[in-house]
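See structure below.
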Amino acid sequence: QCQSLKVWNGFWHQKTEHGMRARFKCKDGYTLVAPGGKELSNPNDYVLICSFGNWTGETPQCQEVYCAFPGYIPNGKVLLVGNMGLYDYRPYVRKVINNKQIMYECDKGYVIDVGPPGATCIGGKWSPRELPTCIPGQHPRLRWNRRRRSIDLRLRFHRS
């Protein structure tokens, strides 16, 4: 029987008897890398086998993945949703982790024509991937109704 394996931020099949194969899976927001940090082209192919009390090979690691800056929007900007509000998102911000969100905003005098209003970092990629297009336009104006409203109440009294 082989010793139990430790995979931080990941999982593996828990059987340790002779001849058993260990396959690995990482939590959302992490990717499986070989010992030494080399990214695996197909993580499902990385298997260790329990052979007479020893695992063949080294245990892989689960490494956190980040989303890269999605790109610039002509006549608009990308905002990173933070704990305290929205912040300008710039290319030098590197470690945007899984489930973080961004929103798109057009400059004054422009509106989103086509494309999503925002995106979410999922497994190191923005979803949806496409950026919106900002075109010249006006935001709809609010119309204030200045007419005075009144209620007409008529009460009737009956004497008995």
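The values are calculated or read from the model by the stated rules, or taken from the named source; none is laboratory data. Please read all numbers here as calculations on a predicted model, not as lab measurements. Heads up, the Cβs are rebuilt from the backbone with ideal geometry, glycines too, and the neighbour counts pull from every protein chain shown.
Looking at the range 21-38, can you tell me whether even one residue there is part of a loop (DSSP other than H, G, I, E, B) and among the polar types (S, T, N, Q)? No: zero hits.
Filter the range 49-81 down to the residues that are outside any strand (DSSP E or B), touching a residue at least 40 places away in the same chain (Cβ under 8 Å) and farther than 30 Å from PRO117 by Cα, then identify the one that is farthest from the chain's Cα centre (by Cα). This residue is GLY53. Kindly indicate whether VAL33 is of a type outside the set (Lys, Arg) and closer than 30 Å to VAL111 by Cβ. Criteria not met by VAL33. Are any of the residues in the range 11-32 hydroxyl-bearing (Ser, Thr, Tyr) and within 25 Å of ILE122 (Cα to Cα)? Checked the range 11-32: at least one residue is hydroxyl-bearing (Ser, Thr, Tyr) and within 25 Å of ILE122 (Cα to Cα).
What tally of residues in the range 48-82 results from selecting those that are aliphatic (A, V, I, L, M) and surrounded by fewer than 14 Cβ atoms within 10 Å (Cβ to Cβ)? Residues meeting the conditions: 1. In this structure, VAL111 qualifies as farther than 30 Å from GLN1 by Cα, of a type in the set (Val, Ile, Thr), assigned to a strand (DSSP E or B) and more than 24 Å from the chain's Cα centre (by Cα).
Could you please find all residues in the range 90-135 being of a type in the set (Phe, Trp, Tyr) and in contact with a Pro (Cβ under 8 Å, 6 or more places away or on another chain)?
Correct list: TYR104, TYR110, TRP126.
Name every residue in the range 82-95 that is assigned to a loop (DSSP other than H, G, I, E, B) and within 23 Å of PRO136 (Cα to Cα), in order of residue number.
Selection gives TYR89 alone.
The set of residues in the range 14-47 being within 27 Å of the chain's Cα centre (by Cα), surrounded by 12 or more Cβ atoms within 10 Å (Cβ to Cβ) and modelled with pLDDT under 85 consists of LEU40, PRO43.
Of the listed requirements (1) modelled with pLDDT of 95 or more; (2) farther than 30 Å from CYS62 by Cβ, SER127 misses just one: (2). The set of residues in the range 82-117 being touching a residue at least 60 places away in the same chain (Cβ under 8 Å) and among the polar types (S, T, N, Q) consists of ASN98, ASN99.
Filtering the range 9-21 for residues that are under 28 Å from TYR92 (Cα atoms) and not hydrophobic (A, V, I, L, M, F, W, C) leaves a non-empty set.
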